[in-house]
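Report on the following structure.
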């Protein structure tokens, strides 16, 4: 009987060994195969293809990974190799959801499937009101003229200090503490500069649990600022005959 029990024990070990996939990440793996757990974190994002988290595993020759039933909330992600990426037209928003739970089933050549449950913590990313801005200024705008103030709206009050930088700083420079963008000393903005002036502003937070950096692009065009108004005025002139016809 003892020998038979020993044979069963060995057979059981071989059976477990058949489950060639062994998850080793993300984070510290807990639980007992075939149901294990892990943890990860990501800054909120709306860019399709961004890696939400990656997992690690030892495997055999023909590994496959799929989301278990209910293991991909709102179909927000896709699996690409050992990366879980944001799906097209989806977003992860810190202000809406602070955490998500994913379940990934790994299998290798039809052996015992193993399920990894990942609790994903969503953290804040500094966000400007717009991802890009277009500004028009008069010909010959001189040094130190402010061409707009660009600040983030979602810094954590009381725990974060936000500083602003920009690149390039050849013609425009941002005030670190306020986000005011101004013309560099010794520079004058002119329409002779083809394509205008473009700079990227970066917001960086410091403090406990600081948010991830955020960026926005500012394009400054020189001259012709009243053009839109002129077009609008012409449109009104064109409508006058129609209005007269309807009235009389």
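The values are calculated or read from the model by the stated rules, or taken from the named source; none is laboratory data. Just so it is clear, the model here is predicted, and its values are computed rather than measured. Glycine also receives a Cβ, built like all others from the backbone with ideal geometry; neighbour counts cover every protein chain displayed.
Key figures for this structure:
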{"item": "Residues that are touching a helix residue (DSSP H, G or I) at 6+ places or on another chain (Cβ under 9 Å) and at pLDDT 95 or above, drawn from the range 103-150", "result": "136"}
{"item": "Complete set of residues in the range 122-137 that are over 14 Å from the mean Cα position of the chain (by Cα) and surrounded by 13 or more Cβ atoms within 10 Å (Cβ to Cβ)", "result": "133, 135, 136, 137"}
{"item": "One residue from 87, 19 being at pLDDT below 95, in the same structural domain as residue 115 (by TED's automatic domain parsing) and surrounded by 14 or more Cβ atoms within 10 Å (Cβ to Cβ)", "result": "19"}
{"item": "Enumerated strands (runs of 3 or more DSSP E) restricted to the range 11-113, each holding at least 3 residues that are touching a strand residue (DSSP E or B) at 6+ places or on another chain (Cβ under 7 Å)", "result": "22-25, 35-43, 51-54, 56-58, 63-67, 77-80, 83-86, 99-108"}
{"item": "Residue identified as at pLDDT below 95 and within 23 Å of residue 46 (Cβ to Cβ) among 153, 194", "result": "153"}
{"item": "Selection from the range 178-189 of residues that are surrounded by fewer than 18 Cβ atoms within 10 Å (Cβ to Cβ) and in a loop (DSSP other than H, G, I, E, B)", "result": "178, 184, 185, 186, 188"}
{"item": "Of the criteria (1) surrounded by fewer than 16 Cβ atoms within 10 Å (Cβ to Cβ); (2) closer than 30 Å to residue 80 by Cβ, which one residue 104 fails", "result": "(1)"}
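Okay, residues lined up against (1) assigned to a loop (DSSP other than H, G, I, E, B); (2) within 30 Å of residue 95 (Cβ to Cβ); (3) in contact (Cβ under 8 Å) with a residue 24 or more places away in the chain:
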{"residue": "143", "(1), (2), (3)": "yes, no, yes"}
{"residue": "156", "(1), (2), (3)": "yes, yes, yes"}
{"residue": "163", "(1), (2), (3)": "no, yes, yes"}
{"residue": "169", "(1), (2), (3)": "yes, no, yes"}
{"residue": "176", "(1), (2), (3)": "yes, yes, no"}
{"residue": "218", "(1), (2), (3)": "no, yes, yes"}
{"residue": "225", "(1), (2), (3)": "yes, no, yes"}
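Conditions (1) assigned by TED's automatic domain parsing to the domain that holds residue 176; (2) crowded, with 19+ Cβ neighbours inside 10 Å, marked per residue:
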| site | (1), (2) |
| --- | --- |
| 52 | no, yes |
| 57 | no, yes |
| 61 | no, no |
| 79 | no, no |
| 94 | no, yes |
| 119 | no, no |
| 144 | yes, no |
